[in-house]
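The values are calculated or read from the model by the stated rules, or taken from the named source; none is laboratory data. This one's a predicted model, so the numbers in the text were calculated from it and none came from an experiment. All Cβ positions, glycine included, derive from the backbone under ideal geometry; neighbour counts span all protein chains shown. To get the accessible areas, we keep the full protein, side chains included, count just its heavy atoms, and leave off ligands, DNA and RNA. Shrake-Rupley method; radii C 1.70, N 1.55, O 1.52, S 1.80 Å.
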Amino acid sequence: MFESLSDRLGSALKSITGQAKLTEDNIKSTVREVRMALLEADVALPVVKAFTDQVKERAIGTEVLKSLNPGQVFLKIVHDELQSVMGEANEQLNLATQPPAVVLMAGLQGAGKTTTVGKLAKFLHEREKKKVMVVSADVYRPAAIKQLETLAGEVGALFQPSSPDEKPLAIALGAIDAAKRAGADVLLVDTAGRLAVDEEMMAEIKALHAGINPVETLFVVDAMTGQDAANTAKAFNDALPLTGVVLTKADGDARGGAALSVRHITGKPIKFMGMGEKTDALEPFHPDRVASRILDLGDILTLVEEAERTIDKQKAEKLAKKIKTGKGFDLEDFLDQIQQMKKMGGLTSMLDKLPGMGGNAGNIAKQTDVAEKQFKQMESIIFSMTLDERHFPDKINGSRKKRIAAGSGTQIQDVNRVLKQHKQMQKMMKKVTGKGGMRKMMRAMGGMGGPGGPGGPMGGGGPFGGMPPMR
């Protein structure tokens, strides 16, 4: 996410953060490089000007010049101003109203509105414990109604049927009545994609908004359109009283122009960002955390929250108890660890949130891609084993390896590799639960040099060490 912006800002700040003393000249020169980095990231010109003026004003003052570590303070100023441009804090949906709380979704064609409705329904259902109903008022694209019905089934939301021969307002009003009868807490109303210059379509959504009076009106926009995202959001905001913005496809946006421009141009907060195609790939937008990720300072808070949400605590406690009693770490446990990591978005998503990964992004991306394929291969191999073999790997002899390899579409040496990696993980688990636990494990992993280092998860000494490239 925002890789090119991170790289440019990183190189602009590198020269100044190592200095013991800052002068007005080197501050101005760094601010000039920061300005170029933002312009290349397709950040709107008024935003760039306001941002750099504020950074320069704060940096040239005594706040930096009298600091014991001026370089780090300058970095903090840039971080704070990035956060300020995007909004001080995450702004949650305001659903404090008589149920159902109606949320209207608007946006351009192809921005990902229908998918976002499904993601938001899942978010509200799973994290906010809300009973959610969804309805499609897109009468121009019949496939949109069917798509939303499918998504509702996947995410556990109620679906209110609609038809292309109905009027959008009649659909929405009917859905509000249905949501009341069903006891739904929230009703998400999907609408047709439209251009701000299409007067007839804009009049339609204005009438729809006036007729249902939603508590939230969210504008869904593709982050990859850069500052155009902010400009189209402003055009819609002039016609509709928007309450917030959802940035889709943020995981594919290397520039970051939309994230940095929307709040300043529209005055409306970014409330969520889409980080992938899966229905759980929707994150609340935290300006401070996004600023940290842009500056390659990591996003540990989000990583911890994801771990708390996705890791099965009962399973983790059961595994710890099992290892402590000497029963060992079997292949079923190994499979479970791989699946737990997948639930957290996989290795790429986890590494993206760790500090210091941006500078080596290209190399890490290649290595994680290889590792993700290896994890899939491991799953396939373990799934091809009997339950008895998973619990007692030592029983797996030559003929069994041949059968497992044939069943998983792999080679015998791939099966051998999984068994070897399991043994390494088993030894590490014993070290963790034994005396001096974590210290021994870190010594065993040794020489942590990032994910591809000798002790990293993909290096020779890590739990998944010694992985050769996939054939």
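GLN227 passes every criterion in (1) in contact with a strand residue (DSSP E or B) (Cβ under 8 Å, 6 or more places away or on another chain); (2) touching a residue at least 60 places away in the same chain (Cβ under 8 Å) apart from (1). Looking only at residues in the range 210-228 that are in a helix (DSSP H, G or I) and open to solvent by less than 20 Å² (accessible area, probe 1.4 Å), the one that is farthest from LYS113 (Cα to Cα) is ILE212.
Would you list the strands (runs of 3 or more DSSP E) that sit entirely within the range 90-168 and hold 3 or more residues that are touching a helix residue (DSSP H, G or I) at 6+ places or on another chain (Cβ under 9 Å) and under 25 Å from ILE270 (Cβ atoms)? Here the list reads 101-107, 132-136. So which residues in the range 195-209 are open to solvent by 50 Å² or more (accessible area, probe 1.4 Å) and either closer than 14 Å to VAL139 by Cβ or not in a loop (DSSP other than H, G, I, E, B) (or both), if there are any at all? GLU199, GLU200, ALA203, LYS206, ALA207, listed by residue number.
Can you find, within the range 176-194, the residue that is surrounded by the fewest Cβ atoms within 10 Å (Cβ to Cβ) among those that are of a type outside the set (A, V, I, L, M, F, W, C) and free of Cβ contacts under 8 Å to residues at least 60 places away in the same chain? Before you say what the answer is, go through the steps one by one.
So the first thing to find is which residues in the range 176-194 are of a type outside the set (A, V, I, L, M, F, W, C), and the list is 177, 180-181, 183, 185, 190-191, 193-194.
Restricting the remaining residues to those that are free of Cβ contacts under 8 Å to residues at least 60 places away in the same chain gives 177, 181.
Values: ASP177: 11, ARG181: 8.
Among those residues, the one meeting the criterion is ARG181.
Of the set (1) open to solvent by 10 Å² or more (accessible area, probe 1.4 Å); (2) on the phi > 0 side of the Ramachandran plot, all apply to GLN98 but (2).
Looking only at the range 368-411, which residues are over 36 Å from the mean Cα position of the chain (by Cα) and either of a type in the set (Gly, Ala, Ser) or open to solvent by 70 Å² or more (accessible area, probe 1.4 Å) (or both)? Within the range 368-411, PHE392, ASP394, LYS395, ASN397, GLY398, SER399, ARG400, LYS402, ARG403, ALA406 qualify.
Residue count for the range 123-136 under the criterion of being open to solvent by less than 20 Å² (accessible area, probe 1.4 Å) and either within 19 Å of LEU93 (Cβ to Cβ) or touching a Gly at 6+ places or on another chain (Cβ under 7 Å) (or both): the result is 5.
Which one is farthest from LYS49 (Cα to Cα), of the residues in the range 69-110 that are of a type in the set (Gly, Ala, Ser) and touching a Phe, Trp or Tyr at 6+ places or on another chain (Cβ under 9 Å)? Working first, answer last.
Let us first name the residues in the range 69-110 that are of a type in the set (Gly, Ala, Ser), namely 71, 84, 87, 89, 96, 101, 106-107, 110.
Now narrow it down to the ones that are touching a Phe, Trp or Tyr at 6+ places or on another chain (Cβ under 9 Å): 84, 87, 106-107.
Values: SER84: 14, GLY87: 17, ALA106: 30, GLY107: 28 Å.
Of everything passing the filter in the range 69-110, ALA106 is farthest from LYS49 (Cα to Cα).
Here ASN231 clears all of (1) surrounded by 20 or more Cβ atoms within 10 Å (Cβ to Cβ); (2) part of a helix (DSSP H, G or I); (3) modelled with pLDDT under 80 except the condition numbered (1).
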